[in-house]
Amino acid sequence: MNSIEILAPVGSMDSLYAAVENGANAVYLGGKLFNARQYASNFENEQLIEAVEYAHTKNVKVYVTVNILLDDNELNDAINYILFLYNIDIDAVIIQDIGLGRLIKEILPDFEIHASTQMTINNYMGVKFLEELGFQRVVMARELSAQDIKFIDDNSELELEGFIHGALCISYSGQCLMSSIIGGRSGNRGRCAQPCRMPYSFVNISSGEILSKKYTQKYLLSPKDLNTIDFLDKIIDSGISSLKIEGRMKRPEYVAVIVNSYRNALDQLIQYKKKKHITESEKKNITQIFNRGFTKGFILNECGSKFIAYEKPSNRGLYIGKVIKIDKKYMHILLEDEISTGDGIEIDNFTNESIGMTLDKIYISNSIVQTAKKGDIIKILKIGQIKQDSKVYKTSDINLLTKAKESYTKNENKIKIPINMAIGISINNPIKLFIWDNKNYVTIISDTVVEKGKKTFLTEEKIRNQMRKLGSTPYLLENIEINLDENCMVPISTLNEVRRKGIQELTEKRKVFNNRVKIDRESIKNKIDKSFDFTNDIKEPSKRKISISINNKEQFNQLDIDRLDRIYIPLMDDINDCIKKVNNYNKEIYITIDRIIGNKDFIELEGQLDKIDMSNINGIRVSNLGAIKFIKDKYSTNIHGDIGLNIFN
């Protein structure tokens, strides 16, 4: 359990500081190129270098998202970018594009790659397929339960990563085309328009009649936020070794609060082998910093009505009271929780549109107060057409935000790295200082030679005190061994100088995790050219064929088979009769299997396929990476890739 990783989202340098100083073991972030959060701040190349050095110094890994589908015209630039990431010591890249994965493994075989959740890996066969391609980790599809993941972990070798907190999608991971259709922007290209956060109504598609007044213009596709902090033990037992927090577009204070909460909960599990009791105060902070309402998610078998935030697609905040009176100038609010000047509130005015404001003045009676508590009746200036009995929510808490910000700005090195020292001081010799942490070792020899003192002499206590003066560095001196001759004397400035040099050298070593030899593109030009050379794979062009794909027997019965060249047909009743009929016309026939296939579905799939004489079909069409491996391992037949594979180059 000690190897369990808390993986934090980072959309800016401040978010990086917030994640690291609050206990993340690793962070994931995007550069300006090729990542699925194009609307986050993201990192310029120079910032990426700074981010890696900062995180590595604090013993935190950095994963970079290169997790969009790539066009042929982008692959050359993508390889340049991957080389840059490799050379600045990025620990791994998170990718969606299987073609990019192939190129990385051929060009930089030692570069660790993680499969994005956008790859739709929802079964053990998909994990085994990526294992064969050289991936080191898979981010599980968010639709899997802990039981599904446990089965995958028991039947594969790769590291598994899973989401534990934050925003969810309504669609299967990697399979949503709704943004492209409605918003003209593709989620698989990093520009999701978030159509699931828009209002919808239930409508009779034939008559146009609205079917439910209760659910008219409600957020029917907008999931609540995932929150699993009470159930980390179950998630870890499933085999997930990297606990992923969503939120690269969230503010740094959000990152600080959520990472800190999960860090404390995980530490309790590790230290005491039992689940931490999450206090009401901790739950309140998690809810206050951002929520759309919370769900345990598919991972803990929560779905249906408990999964959707029908009333509001954005931050709900925390309910704190209701409007009990309105006069010409003020709204009077009976509080059920505390509030302070500087807090943000929203008033739910019985419509889809809430009215929000930041509190600059709070009155109790006629006195201005900074803070009011539960049971108080406060007055605030009236805004908009507020109605009596409207509910009031606190959407931002100035005190929580201030405390969160202080966790990574006021005391930048809250998390200290333990180090050890040994120092040798003898007359007529330079000082020798040795410093080491858990994997790095440095030796510093002073320019100054130790002299014999005349009136004052060095003591072990004085040396120890000087070596402990690590100031704003991220280090904490745990142990020091001192070998000191009698009557030695050097200036205190000399002790300070060797300590400073030693710490500087140690920091430089800590910045580098992977000890790679830097590679320039020219030195591997032949390897790159070979990877892009498909001339040997090009077959003679065949005549164009008319293919048709059907969904059911009714559609099959309407086909004029004689006019077609190929038919894609799903597994359905009377499939052998359909195959026989197509064979009579001497046309190609391919079996289509589902886009989403669970672990147990392979047993049923095998049973269905075994009832078919494979010599009577031309092949099988697949939409799932796991299905490719399953068919390839079990059957000797042609495989056609369908759109669910998201092949883009």
Looking at 582, 572, 557, which one has the Cα that reaches farthest to the positive end of the dipole of region 551-595 (charges on Cβ: Lys, Arg +1; Asp, Glu -1)?
-> 582
Only bridges with both residues in region 412-522 count here: give the DSSP antiparallel percent, nearest 5.
-> 60
Exposure rank, largest accessible area first [481, 106, 302; 1.4 Å] | 481, 106, 302
Using Cα atoms only, what is the angle between the long axis of helix 72-87 and the major principal axis of the chain, expressed in degrees (0 to 90) to the nearest 10?
-> 20
At 0.36 nm per residue, minus the direct Cα-Cα distance, what do residue 604 and residue 267 gain on full extension? Give it in nm, one decimal, please.
-> 117.1 nm
Compactness index (Cα Rg / 2.2 N^0.38 Å), region 23-127 | 1.05
Simple spin-label estimate for residue 371/residue 105, 7 Å along Cα→Cβ, in nm, reads 5.7
Cβ-Cβ FRET estimate between residue 13 and residue 211, R0 fixed at 51 Å, reported to 0.05 | 0.55
Average the reciprocal distances over every distinct pair of alpha-carbons in region 1-77, invert the result, and give the Kirkwood radius in Å.
-> 13.1
Given (i) 3, 13, 19, 21, 18, 13, 8, 4, 2, 1, 0, 0; (ii) 2, 8, 8, 7, 7, 8, 9, 11, 13, 13, 9, 4, 1, 0, 0; (iii) 3, 15, 25, 26, 18, 9, 3, 1, 0 as candidate values of P(r) over Cα pairs in 10 Å bins from 0, in percent, which corresponds to the one derived from the coordinates?
-> (i)
Within region 229-258, which residues have the backbone N less than 17 Å from the label spot 7 Å out from residue 50 along Cα→beta-carbon, could you tell me?
-> 252
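Quick one: net charge around residue 302, please, counting Lys, Arg +1 and Asp, Glu -1 for every other residue with C-beta under 13 Å from its C-beta.
+2
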Solvent-accessible area per residue, Å², over region 418-545 with all protein chains present [probe radius 1.4 Å] = 68
Under the Kirkwood approximation applied to all pairs of distinct alpha-carbon atoms, what is the hydrodynamic radius of region 356-431 in Å?
-> 18.1
Cα shape, region 501-638, gyration tensor, a/c 1.5 rule | prolate
Can you tell me how much longer the chain between residue 133 and residue 637 gets when fully stretched, taken as 0.36 nm per residue apart minus their C-alpha distance, in nm with one decimal?
-> 179.3 nm
Stretch residue 523-residue 563 to full length: gain in nm at 0.36 nm per residue minus the Cα-Cα span?
-> 9.0 nm
Treat each spin label as a single point 7 Å out from the Cα along the C-beta direction, and report the residue 464 to residue 171 distance in nm.
-> 6.4
Span from the region 618-637 Cα centroid across to the region 441-477 one, whole angstrom = 67
With r defined as the distance between the Cβ atoms of residue 278 and residue 319 and R0 fixed at 22 Å, what FRET efficiency is calculated, to the nearest 0.05?
-> 0.70
Measuring from label point to label point, each 7 Å out along Cα→Cβ, what is the residue 549 to residue 478 span in nm?
-> 5.7
Provide the solvent-accessible area of residue 633, counting protein heavy atoms only and rolling a 1.4 Å probe, rounded to the nearest 10 Å².
-> 90
Mind listing the long-range amide H neighbours of residue 476? Cut-off is under 5 Å, sequence gap 5 or more, other chains count too, H placed in the peptide plane at 1.01 Å from N.
-> 417, 419
Can you list the residues, at least 5 places off or on another chain, whose amide H is less than 5 Å from the amide H of residue 175, using H built in the peptide plane?
-> none
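The values are calculated or read from the model by the stated rules, or taken from the named source; none is laboratory data. Being a predicted model, the structure only gives us computed values, none of them experimental. Heads up, the Cβs are rebuilt from the backbone with ideal geometry, glycines too, and the neighbour counts pull from every protein chain shown. The protein model used for the area step is the full one, side chains on, heavy atoms only, and it has no ligands, DNA or RNA in it. Shrake-Rupley method; radii C 1.70, N 1.55, O 1.52, S 1.80 Å.
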